[in-house]
Amino acid sequence: MFRKKKKEPKIELCELWSLDHTLARIISSYLKEFIEASRPSGATPESYCQKDPENSWSLWEADLWKMQKAFADYAALDCSAVCPEEKRKEIREGMQLFIDKYDALWY
């Protein structure tokens, strides 16, 4: 009847050292789960339904995968390695998509 309050995760100091990579890993994994959980319902933001009603879920899912891949790729970057410009562009595009569609990440 009553839900137990979920405990806040303990944040380790080492996770704060490269917070950008830590958050990228978290966002990537949550987006992946979100995509899998949303697939059966096909819940799609209105803007996608207006753009192409027949393919709205497919378009939304493709954008979600772009976002997920951008964060996964960013998390996997080796700070000392040089990132090719094309990869940097893909990451930026996926992250910008995440910013633009942030309020549509509901389930």
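The values are calculated or read from the model by the stated rules, or taken from the named source; none is laboratory data. Since the structure is predicted, the reported quantities are computational estimates derived from the model, not experimental observations. Here the Cβ is made from the backbone with ideal geometry for all residues, glycine too, and neighbour counts use every protein chain on show. Please note that ligands, DNA and RNA were not included when accessible areas were found on the heavy atoms of the full protein model with its side chains. Shrake-Rupley method; radii C 1.70, N 1.55, O 1.52, S 1.80 Å.
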Task: Part-to-part distance (alpha-carbon centres) for region 1-79 and region 91-107, which is given in Å - done: 9 Å
- [ ] Count neighbours as other Cβ atoms within 10 Å of each site's Cβ, and list the GluC sites (Glu not before Pro) in region 9-107 that are DSSP loop with at most 12 such neighbours.
- [x] Glu12
Open item on the list: I'd like to know how region 1-51 sits against the 2.2 N^0.38 Å rule of thumb: what's its Cα Rg over that expected value?
Closed with: 1.68
Open item on the list: Greater than 29 Å separation of Cα atoms is the criterion. Which listed pairs, Lys4/Lys69; Lys32/Lys89; Lys5/Lys51; Lys10/Lys89, meet it?
Closed with: Lys4/Lys69; Lys5/Lys51; Lys10/Lys89
- [ ] Express the carbon and sulfur contribution to the solvent-accessible surface of the chain as a percent, rounded to the nearest whole number, probe 1.4 angstrom.
- [x] 58 percent
TODO: Specify, per residue and in Å³, the volume enclosed by the convex hull of the alpha carbon atoms belonging to region 46-93.
DONE: 70 Å³
- [ ] Kindly provide the trypsin sites (Lys or Arg not before Pro) of region 8-49 that DSSP labels as loop, not H, G, I, E or B, and whose Cβ sees at most 10 other Cβ atoms within 10 Å.
- [x] Lys10
- [ ] Please give the direction-averaged projected area of the C-alpha convex hull for region 11-107, in square nanometres with one decimal.
- [x] 7.1 nm²
- [ ] As a check on your grasp of the helix formula, calculate [θ] at 222 nm for the chain: sum -39500 (n - 2.57) over DSSP H runs of n ≥ 4, divide by the residue count, round to the nearest 500.
- [x] -20500 deg cm²/dmol
TODO: Counting other Cβ atoms within 10 Å, keep those with at most 16, restrict to DSSP loop, and tell me which chymotrypsin sites (Phe, Trp or Tyr not before Pro) in region 1-72 are left.
DONE: Phe2
